[in-house]
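Laboratory data are not the source of any read-out in this text; all were calculated from the coordinates shown. Remember, it's a predicted structure, so these values are computed and weren't measured experimentally. Note that each Cβ is placed from the backbone with ideal geometry, even for glycine, and that neighbours are counted across all protein chains shown.
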Amino acid sequence: MCNHYRAEIRKLGLEVQVYGYEEIKDLPRDIFPDRMGPVITRRVDGTLQWQAMRWGFPPPPSAAGGKPVTNVRNLSSRYWQTWLKPESRCLVPFSSFAEYDKREVPAKERWFEVPGDRPAAFAGIWRQWEGERGPKKGPVTGQHLLFSFLTCEPNSIVAPIHPKAMPVVLVGAEAQRAWLDAPATAVPAIAVPLPEEDVVMVG
């Protein structure tokens, strides 16, 4: 599963040109599980806003004590259906994402991106949560905003590297706004592999 991606959208100016909201403040370029990343949500009045959130939902009760869930695959689960409603959806903008190539020893990260500097985002979900999160050296206790994103079957570009899954990627403002607003019944039709021409392996 994708557990490392890069968000360089401030460098590209996409937050202003495409979405029209205030400039995203400095966050790390490389985003890892349980670290902060930029997330786009819709306000009550319909406008978009960005917020810094921590990557990884708490695991379902049946997986008590498990690690934060960064990638959501089982969309038929009652637990995840709770968070697939429009009010819990978000966009997770990215510039590239990594999958480990286990054909090599040691496994090596391979990077994928959407060509043409088009705005790309993972189909995400978010929630509030109270507890302790963050690195062991500096855990943070209290209220947190958490996000995760959906995965699906890999396309033919990603499958040779990661045959189990790839993130659900939304290319362009129209597809991204559709994800934020679509009814719950439309989620399975959105959670499909990205067309091969919309992703390239860059390293």
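In a GNM of the chain with a 10 Å cut-off on Cα contacts, which of Pro163, Pro139, Pro59 has the highest mean-square fluctuation?
Checking each option, the largest mean-square fluctuation is seen for Pro139.
Using each residue's phi in region 28-37, evaluate 6.51 cos²θ - 1.76 cosθ + 1.60 at θ = phi - 60° and report the 3J(HN,Hα) Karplus result to the nearest Hz, with x for Gly and Pro.
x, 5, 8, 10, 10, x, 6, 10, 8, x
With an 8 Å Cα cut-off and a minimum separation of 6 or more residues, compute the relative contact order for the chain in percent.
Relative contact order here is 22 percent.
Please list the non-local residues whose amide H lies under 5 Å from the amide H of Val140, H modeled 1.01 Å from N, same-chain partners needing a gap of 5 or more.
Arg133, Gly134
Enumerate by residue number the trypsin sites (Lys or Arg not before Pro) in region 112-148 meeting two conditions: DSSP loop (anything except H, G, I, E, B), and at most 16 other Cβ atoms within 10 Å of the site's Cβ.
For trypsin sites (Lys or Arg not before Pro) across region 112-148 that sit outside H, G, I, E and B with at most 16 neighbouring Cβ atoms in 10 Å, the list reads Lys136, Lys137.
So how much slack lies between Ile190 and Arg35, counting 0.36 nm per residue of separation and subtracting their Cα-Cα distance, in nm?
53.1 nm
For the chain, what is the Kirkwood hydrodynamic radius in Å, using each pair of distinct C-alpha atoms?
Evaluated on the chain, it is 17.3 Å.
Give me the one-decimal nm value for the distance between modelled label points at Lys136 and Glu104, 7 Å along each residue's Cα-to-Cβ direction.
2.8
Say a site is exposed when it is one of the GluC sites (Glu not before Pro), sits in a DSSP loop, and has at most 16 other Cβ atoms within 10 Å; what is then the longest site-free stretch of the chain?
My reading of the result: 105-203 is the longest stretch.
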